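Single-structure report; data block below.
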Amino acid sequence: MKIKKLMTALLATFLVMHGGLQGQVSKKENPQMEKRIQKLISKMTLKEKTGLLHGNSKFFVSGVSRLGIPEWSLSDGPHGVRAEINRHDWGYSNWTTDSATYFPTGTAFAAAWNPELARRRGEVLGEEARFRKKDVLLGPGVNIIRSPLGGRNFEYMSEDPYLNARLAVPYIQGLQSRDVAASVKHYLANNQETNRTTVDVLMSERALREIYLPAFKAAVEEGGSYTIMNAYNKFRGDWCSENTYINRTLLRDEMGFKGVTMTDWGGAHSTVKAALAGLDLEMGTMVDDYNQWYFANPLIEAVKSGAVPESIVDEKVANVLRVMIQTNVLDPKKRFNKASMNTPEHQQAAYQSAVESIVLLKNENNLLPLDVNKINSIAVLGDNATRLHANGGLSSEIKALYEITPLQGIQNKLGDRIKINYAQGYEKLSTFVEGSNNGQNPGNFKGGGELDKAVLKEAVETARKSDIAIIYAGLNHDYDTESSDKQGYALPYGQVQLIQEVCKVNPRTIVVIIAGSPVDMAAIDICAPAVVWGWFNGMEAGNAITDVLTGKETPTGKMPFSVPVSLDQSPAHAYNNFPGQDLVVRYDEDILVGYRWFDTKKLPVVYPFGYGLSYTSFEFGQMNTDKTEYTVNDSIEVSFTLKNTGLRKGAEVAQLYVSDPVCSVMRPAKELKAFEKVFLNPGETKEVILKVPVGSFAFWSEAENKFVVEPGEFILSLATSAQDIKQTLRIQVK
Ligand code: BGC
């Protein structure tokens with residue numbers, strides 16, 4: 001008995017030291033940790049307390065050194081640890097030790113549909129953040145891709161809340177396993193950049209619960225995200241940073257969040273209202289004197305006047321200290337233990353993520369993979385063949401240790417055997433000055449545009465004299481960027497014309513799209529025999545795309561968003577409610593976002609959600625369920641075999657969609673409820689079991705103000721994209 005008690009005491013001490021299980025937020029209170037927090041708070045002056053609740057520079061928060069609380073260090077961003085920024089302005093500190101691993105950006109990473117890669121990414125980011133002495137990394141971004149024009153689509157993940165959630169959770173767990181707190185962002189409804197600091201987002205409770213909230217909820221409840229960043233915009237009339245409904249009711253009361261809510265940089269608007277609404281940490285306010293920030297002297301005064309009870313301040317300080325303890329910030333011996341930077345393993349993780357994100361969209365006559373033994377020359381065309389992307393997009397920019405461009409990739413790997421003929425093909429006419437989060441709007445670049453005749457001619461001639469032509473087209477971070485939305489859906493700089501002209505002279509033309517959001521592909525898909533989506537694909541982009549095009553690697557990526565035929569067919573634009581009017585945006589399309597809209601309205605798309613081809617082929621065996629009748633609390637086991645029937649190693653992403661054919665409310669035609677990326681050698685067969693909780697079939701009932709599963713029949717569709725359904729099964733819910 002004594003031994004048992006001793007073991008319990010030892011475990012309790014261990015948990016206090018470590019703040020609970022590493023990388024997880026224990027739902028249970030940790031009384032010893034809470035005691036330690038209260039003891040620290042009892043020793044603090046009000047000034048010291050408020051010091052923990054606002055920035056003292058661009059990315060730091062004051063500690064209380066006499067109590068062993070160090071300065072807290074935060075950093076961007078979701079696909080790499082950002083270069084060191086000056087303490088008091090947005091300039092770079094020009095360090096020589098802050099070049100980092102640069103991962104594929106959000107949509108690219110989502111296109112891999114691989115939660116294990118997400119976890120690995122988190123781990124690497126955590127190690128590099130620790131190397132840079134950062135305690136909090138400002139990511140991942142999990143907002144929904146609502147419109148193709150959204151400037152930050154490239155930083156987010158997909159149009160589907162389930163896919164977002166499944167990737168955000170392991171990312172956060174991986175990051176936090178390295179003692180770095182995640183800051184899932186931007187909570188809530190930051191789905192456009194136009195008027196992002198003033199626009200009021202209005203959506204139904206159902207759209208909130210079914211589409212815009214789930215990834216945040218999973219990030220908090222399953223991922224255990226230690227912090228969350230409020231969005232700039234308003235939500236139902238109140239700025240997110242002072243919105244009681246989202247920060248208290250949903251986050252703390254419903255989700256049980258015990259971590260830190262912070263503003264986006266410059267996203268605070270009040271002292272008393274924000275303090276009462278549940279904001280903990282004010283960052284980035286554009287007032288030089290930090291003492292004048294909302295949560296500095298004004299908060300002290302609000303406490304003195306009784307407008308804000310001191311217990312509210314204590315609650316916030318406790319939230320900060322809790323995260324600090326959980327990430328070893330208060331333990332100098334352990335704080336930076338898990339640090340490493342730019343290791344070969346980190347670069348391998350970036351490479352693997354890049355390879356798995358690449359999506360093969362069209363491959364007429366098996367033009368791909370290229371048989372390099374039968375090719376003497378390749379024309380490499382397009383501005384994106386040589387453009388670096390790491391240092392763009394504003395706050396998620398990375399000072400990459402290196403970035404292999406597509407041209408470098410192909411030259412390095414094939415240059416000794418094959419003649420590589422490069423021509424720019426089109427010019428980047430936009431002129432946004434990249435580098436540094438200075439809030440500058442890159443301007444109203446529209447799509448389309450004229451080609452310079454000489455530039456076009458050179459490219460066409462280069463394509464004509466080469467065996468193969470590869471055009472690296474798409475966007476860059478003048479378009480896919482924080483702080484402004486795209487002004488049009490068409491590809492800019494006259495690229496479509498370039499592609500059409502090149503296709504005319506070289507029937508073996510491959511178009512590789514480098515972009516982080518949907519672009520108008522209709523004309524390109526018609527003329528190009530092979531189309532590949534290559535993304536802003538991180539530091540290994542050029543190696544990865546070359547290896548996929550030449551068949552060293554088989555493409556396994558799947559589109560994380562639909563590519564509409566035209567902008568006016570996409571839901572927000574069909575309702576003409578992007579980016580809103582008079583600083584209000586109403587999400588009239590409601591829950592019909594992305595494929596939910598296209599499927600339900602039976603609208604064709606150029607490329608559906610979940611779509612992507614391979615160099616090998618797969619065959620599904622018969623789909624079965626463990627039972628035919630279920631209750632709401634059951635989990636359905638959906639089983640089937642998947643066989644690689646081709647000659648190459650590859651992977652298929654088995655996707656399970658669910659439909660509710662008879663329901664008292666409108667339901668989307670189908671919704672993704674499970675998926676698994678299955679890797680198979682040639683000839684190999686695997687048994688796959690997907691576990692799907694019946695509870696996930698629920699819809700948000702506005703009448704009952706809760707999630708409801710109506711009994712009856714549901715249809716399960718096993719698919720390889722939202723439009724390629726292989727088998728269906730019907731089950732009953734009692
Ligand atoms: C962005 C955030 C970012 C912050 C700090 C803001 O402009 O919206 O995503 O983390 O700046 O750079």
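Values as computed for the structure displayed
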{"item": "Matching option when the condition is touching a helix residue (DSSP H, G or I) at 6+ places or on another chain (Cβ under 8 Å), in contact (Cβ under 8 Å) with a residue 12 or more places away in the chain and either among the polar types (S, T, N, Q) or farther than 30 Å from residue 204 by Cα (or both), among 625, 631", "result": "631"}
{"item": "Hits in the range 544-570 (condition: over 30 Å from residue 372 (Cα atoms) and in contact with a Pro (Cβ under 9 Å, 6 or more places away or on another chain))", "result": "561, 562, 563, 564, 565, 567, 569, 570"}
{"item": "Considering residues of the range 372-400 that are of a type in the set (S, T, N, Q), more than 16 Å from the ligand (Cβ to nearest atom) and in contact with a strand residue (DSSP E or B) (Cβ under 9 Å, 6 or more places away or on another chain) only, the residue farthest from residue 185 (Cα to Cα)", "result": "376"}
{"item": "Sole exception among (1) more than 24 Å from residue 490 (Cβ to Cβ); (2) among the hydrophobic types (A, V, I, L, M, F, W, C); (3) in a helix (DSSP H, G or I); (4) within 13 Å of the ligand (Cβ to nearest atom) for residue 154, by number", "result": "(1)"}
{"item": "Any hit, the range 354-372, residues being more than 26 Å from residue 70 (Cβ to Cβ), buried (at least 22 other Cβ atoms within 10 Å of the Cβ) and at pLDDT below 95", "result": "no"}
{"item": "When residues of the range 138-150 are limited to those that are within 13 Å of the chain's Cα centre (by Cα) and in a loop (DSSP other than H, G, I, E, B), the one nearest to the ligand (Cβ to nearest atom)", "result": "138"}
{"item": "Selected residue (criterion: nearest to the ligand (Cβ to nearest atom)) from residues of the range 266-297 that are among the hydroxyl-bearing types (Ser, Thr, Tyr) and either part of a loop (DSSP other than H, G, I, E, B) or under 12 Å from residue 308 (Cα atoms) (or both)", "result": "285"}
{"item": "Failed condition for residue 135, given (1) over 20 Å from residue 280 (Cα atoms); (2) in contact (Cβ under 8 Å) with a residue 60 or more places away in the chain; (3) buried (at least 24 other Cβ atoms within 10 Å of the Cβ); (4) more than 13 Å from the ligand (Cβ to nearest atom)", "result": "(1)"}
{"item": "Flag for residue 718 being out of contact with any Asp or Glu (no Cβ under 9 Å at 6 or more places or on another chain) and over 24 Å from residue 110 (Cα atoms)", "result": "no"}
{"item": "Boolean, residue 68 is in contact (Cβ under 8 Å) with a residue 60 or more places away in the chain and at positive phi", "result": "yes"}
{"item": "Criterion (within 14 Å of the ligand (Cβ to nearest atom) and at negative phi) met by exactly one of 82, 121", "result": "82"}
{"item": "Single residue of the range 41-65 satisfying the filter (in contact (Cβ under 8 Å) with a residue 60 or more places away in the chain, more than 19 Å from residue 241 (Cα to Cα) and not in a loop (DSSP other than H, G, I, E, B)) that is nearest to the ligand (Cβ to nearest atom)", "result": "49"}
{"item": "The range 170-192 - residue that is closer than 25 Å to residue 596 by Cβ and either among the basic types (Lys, Arg) or surrounded by fewer than 24 Cβ atoms within 10 Å (Cβ to Cβ) (or both) and, of those, nearest to the ligand (Cβ to nearest atom)", "result": "185"}
{"item": "Residue in the range 68-82 that is surrounded by fewer than 18 Cβ atoms within 10 Å (Cβ to Cβ), touching a strand residue (DSSP E or B) at 6+ places or on another chain (Cβ under 8 Å), assigned to a loop (DSSP other than H, G, I, E, B) and not aromatic (Phe, Trp, Tyr) present", "result": "yes"}
{"item": "Residue list for the range 203-233, restricted to those being surrounded by 24 or more Cβ atoms within 10 Å (Cβ to Cβ) and within 16 Å of the ligand (Cβ to nearest atom)", "result": "215, 216, 219, 225, 226, 227, 228, 229, 230, 231, 233"}
{"item": "Selection status of residue 118, closer than 19 Å to residue 392 by Cα, touching a helix residue (DSSP H, G or I) at 6+ places or on another chain (Cβ under 6 Å), in a helix (DSSP H, G or I) and not acidic (Asp, Glu)", "result": "no"}
{"item": "Residue selected from the range 89-102 under the condition within 16 Å of the ligand (Cβ to nearest atom) and in contact (Cβ under 8 Å) with a residue 60 or more places away in the chain, by the criterion surrounded by the most Cβ atoms within 10 Å (Cβ to Cβ)", "result": "100"}
{"item": "Residues (under 23 Å from residue 710 (Cα atoms) and among the polar types (S, T, N, Q)) located in the range 623-651", "result": "624, 625, 628, 631, 633, 635"}
{"item": "Single condition residue 200 does not satisfy, out of (1) away from the ligand (no atom under 16 Å from the Cβ); (2) touching a helix residue (DSSP H, G or I) at 6+ places or on another chain (Cβ under 8 Å); (3) more than 21 Å from residue 393 (Cβ to Cβ)", "result": "(2)"}
{"item": "Per-region count, the range 349-386, residues closer than 26 Å to residue 416 by Cα, assigned to a helix (DSSP H, G or I) and in contact with a helix residue (DSSP H, G or I) (Cβ under 9 Å, 6 or more places away or on another chain)", "result": "9"}
{"item": "Qualifying residue in the range 250-261 (condition: within 16 Å of the ligand (Cβ to nearest atom), at pLDDT 95 or above and either surrounded by fewer than 21 Cβ atoms within 10 Å (Cβ to Cβ) or assigned to a strand (DSSP E or B) (or both))", "result": "yes"}
{"item": "Contacts under 7 angstrom Cβ, first residue in the range 262-280 being surrounded by fewer than 24 Cβ atoms within 10 Å (Cβ to Cβ), partner among the β-branched types (Val, Ile, Thr), 6 or more apart", "result": "266/285; 272/308; 276/308; 276/312; 277/244"}
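The values are calculated or read from the model by the stated rules, or taken from the named source; none is laboratory data. In this text, all values refer to a predicted model and were calculated from it rather than measured experimentally. Note: ideal-geometry Cβ built from the backbone for every residue, glycine included; neighbour counts use all protein chains shown.
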